[in-house]
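Okay, so here's the structure we're looking at.
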Amino acid sequence: MSESTIFTLTFILYILAAFFYLAYLYSKREGLAKLGSVIALFGLLLHTLALILRTVQSGHAPFTNMYESLSFLAWATVFAYLIIEWKSRVRKPGAYLLLIVIALMALASSPLMPKDATPLVPALQSYWLWLHVSVTLLGEAFFAVAFITSLMYLRAESLEKKGLAPKSGLTAERLDSISYRAVSVGFPLFTLGGLVFGMVWAYKAWGTYWSWDPKEVWSLITWFVFALYLHTRIVMGWKGRRSAAIAIIGFLAALFTYFGVNYLLAGLHSYA
Amino acid sequence: MLRALKSFFTSIKVAIVFLIILIAASILGTLIPQGRSSQEYLARYGQLAGLFEKLQFTRLYQSFWYIVILALFSLNIIICTLVRLTPKLHRVFRPKCDLDAKSVQVLKVKERVKMALAPDAAVPAVKSVLGRHHYRVHEHSGEKKHCLLARKRILGLFGSDIVHVGLLIILAGGIISGLTGVRGSLTLSENQTLPVPQAGFSVRLDKFITDLYPDGSVKDWKSELTIIEADKPVLQKSVEVNHPLSYKGFVFYQSGYGSDWENPELQVWLRKKSDPGYLKTIRLEMGRPATVEGENITLTAARFLPDFVLDDKNQPSSRSPELNNPAAFIRGESGGAEVFSGWIFAKFPDFAQMHQAQESEFKLELKDIKAPQYSVLQTAKDPGVPLIWAGCAVLMLGLFLAFYWPTREIRLVLEESQGKTEINAGGISAKSREAFQAEFDGLMDALRKTK
């Protein structure tokens, strides 16, 4: 089977998983969510195979153009979500997270994204490509989980205030603590991959570890926003709405670092 | 006044305001392209351009005010960290153990356990159970009562402080880079030697190689370099993209390349109109007359343009450094007098326009062009770099400790009750409360079973 067939199969599995997760949201039957998890896990395994095949065929890390990097981000998001789900045993965010994953996969398979594996330009030939991109995107995937659980928090909290809290047992407080958990994984990963590995590679390739390139500045901004999240939470005891709002802004900043900078601002990171 | 200043810098709210200002300023700097020419800003922003330049928005990250904010923020980090450090150090080095069981009962995680041992035997038994779970135990005994303070992963308490120290080291590295870093660039043709500015040694380009993929796209650029110190070659190494060369604190990066079109070697065909079988191949170096064998004529290449075009003033010039329309100006002389001169074009062999003093029967064609390659190397000496890496390592260590090395503390008050021991135990864990609760419950079970 070719890489693109496996990619399509993966896509179908993710859609199926999202379907079961959504059905769980409406029917409240735990079994449906478990089925969703299992299908998502199979999708993840198949996706892993697709990424490995891509690596073998192209001879380089599977994130050197927008198609590859979107596909990897989708992989990382499923991975991050399943980890958080496994740890927290809360399956409700699955539906929304898989919708994000489906959007990423759809974007990756859109005809606008060139899919051909092209030879690697000299600047990208480095094992730092692996370290820098994979760890950064994994960190961003955990931010995506925090983003969804924070949005869910805002909804749950407003329902609880009106006395309309759902009986399923997933309280706003629980969502708040899951968000924090996701950030506490994502933040160290993003720091290591995005900032530290990024600086090391920049030093190796360009001779300066920091050049105030827009992508660098936007990763720093993302980092500052999550630093704000942690300080207001841990030192000032902010929880709930304000905390959720900062986590949402932080993910949007990460998203802009990933997408927006390439399309809207010119800079050194003009690869993918 | 001093107190106001102190409370200003110890305030977490102030730190948060600084963070927000830094975020806003940094965003502004990505919206306005940095470090461009005044004309470009004028074209882009019109009347606002002057204001932007005055406020240093166009060199924002190097601007006075941005650096002042960074400095104040660093000061705030230092002071906040120090202020919070003192009580933590007290907690670590002067552990307090309250013999009153109430101090334990207010904790969130707590339990009361009865042990079938007398207190004198219970204390070492409890200590050994805790020790098996890697707790360090401080003991404080009063009359009939004992207090045990058990802790582990105490370093986790300092995670955030270590993160801050890491950040400060990185900032210090940045300051050193900014003040003492030297950057330059060397443009070297093959076999050329140039002194490295401020370094006391020279570098020679032995060879420049462009590796291609089978499809013709560039795979790699390589410069084979020799470092020459006191007229002696001391080091030979090739520099590639992503693989710089480091020597005595100077680092050399492959950054660009090109062809030296000022000094190409041309291959020219000479034909005779009267004799279709006549063909001579002549190699020409720029400005050096070459005699044609068997003919009373010398040829000189006076100029070469890789991409010939007539400019606004109708003068020949080159549109680009690419070989799109290579052309050479050739002069033919016989006995010291010019016979003909003019441009010949590699792509348009019939287009030659020769000014001819007299009707000449020679016809010239530009067949081949070889130019020596040059390589552009970035050179950098940045004494701040080791501090940056050290700071990054400290920062990551701190993050790990802060998130994944939560300090755990269990306080136990042991009291005698009818020959046996009653234990009031309570625990504190900053993070991962569930995991701690599980461990705590396990410990209590173990205590109950101890005989």
### Query
Does residue B:92 satisfy the criteria of being modelled with pLDDT under 90 and open to solvent by less than 30 Å² (accessible area, probe 1.4 Å)?
yes
### Query
Can you tell me how many residues in region A:56-71 are part of a helix (DSSP H, G or I) and β-branched (Val, Ile, Thr)?
1
### Task
Quick one: residue B:420 ticks every box in (1) free of Cβ contacts under 8 Å to residues at least 40 places away in the same chain; (2) more than 14 Å from chain A (Cβ to nearest Cβ) except a single one, so which number is it?
(1)
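Please specify each residue of region B:259-291 satisfying the condition of being in a loop (DSSP other than H, G, I, E, B) and crowded, with 16+ Cβ neighbours inside 10 Å.
B:261, B:264
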### Task
Within region A:155-162, identify whether any single residue is without any contact (Cβ under 8 Å) to a residue 24 or more places away in the chain, within 9 Å of chain B (Cβ to nearest Cβ) and open to solvent by less than 20 Å² (accessible area, probe 1.4 Å), and answer yes or no.
no
### Query
Considering only region B:10-42, how many residues are of a type in the set (Phe, Trp, Tyr) and either within 19 Å of residue A:224 (Cβ to Cβ) or open to solvent by 90 Å² or more (accessible area, probe 1.4 Å) (or both)?
1
### Query
Which of the residues belonging to region B:219-257 are within 14 Å of chain A (Cβ to nearest Cβ) and on the phi > 0 side of the Ramachandran plot?
B:242, B:249
### Summary
Checked pairs for region B:1-14, first farther than 14 Å from residue B:73 by Cα, second open to solvent by 30 Å² or more (accessible area, probe 1.4 Å), C-beta under 7 Å and 6 or more apart or across chains, list as none
### Query
Has region B:233-248 got at least one residue that is more than 30 Å from residue B:306 (Cα to Cα), open to solvent by 40 Å² or more (accessible area, probe 1.4 Å), in a loop (DSSP other than H, G, I, E, B) and small (Gly, Ala, Ser)?
no
### Summary
The strands (runs of 3 or more DSSP E) lying wholly within region B:325-429 that contain at least 1 residues that are open to solvent by 40 Å² or more (accessible area, probe 1.4 Å), at pLDDT 85 or above and in contact with a strand residue (DSSP E or B) (Cβ under 8 Å, 6 or more places away or on another chain) are B:327-334, B:362-370, B:373-381, B:408-417, B:420-429
### Query
Picking from A:75, A:130, A:86, which residue would you name as being among the hydrophobic types (A, V, I, L, M, F, W, C) and under 30 Å from residue B:244 (Cα atoms)?
A:130
### Query
Of all helices (runs of 4 or more DSSP H) completely enclosed by region B:1-50, which ones contain at least 3 residues that are closer than 23 Å to residue A:242 by Cβ and not aliphatic (A, V, I, L, M)?
B:12-31
### Task
Test residue A:53 against the criterion of being more than 14 Å from every other protein chain (Cβ to nearest Cβ), in a helix (DSSP H, G or I), at pLDDT 90 or above and over 15 Å from the mean Cα position of the chain (by Cα), and give yes or no.
yes
### Message
If a residue counts only when it is at the interface with another protein chain (Cβ under 8 Å from one of its Cβ atoms) and open to solvent by 50 Å² or more (accessible area, probe 1.4 Å), which helices (runs of 4 or more DSSP H) contained entirely in region A:169-272 have at least 3 such residues?
### Response
none
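The values are calculated or read from the model by the stated rules, or taken from the named source; none is laboratory data. Not measured: the values here are computed from a predicted model. Positions of Cβ are backbone-derived with ideal geometry, glycine not excepted, and every protein chain shown enters the neighbour counts. Note: areas computed on protein heavy atoms with side chains; ligands, DNA, RNA excluded. Shrake-Rupley method; radii C 1.70, N 1.55, O 1.52, S 1.80 Å.
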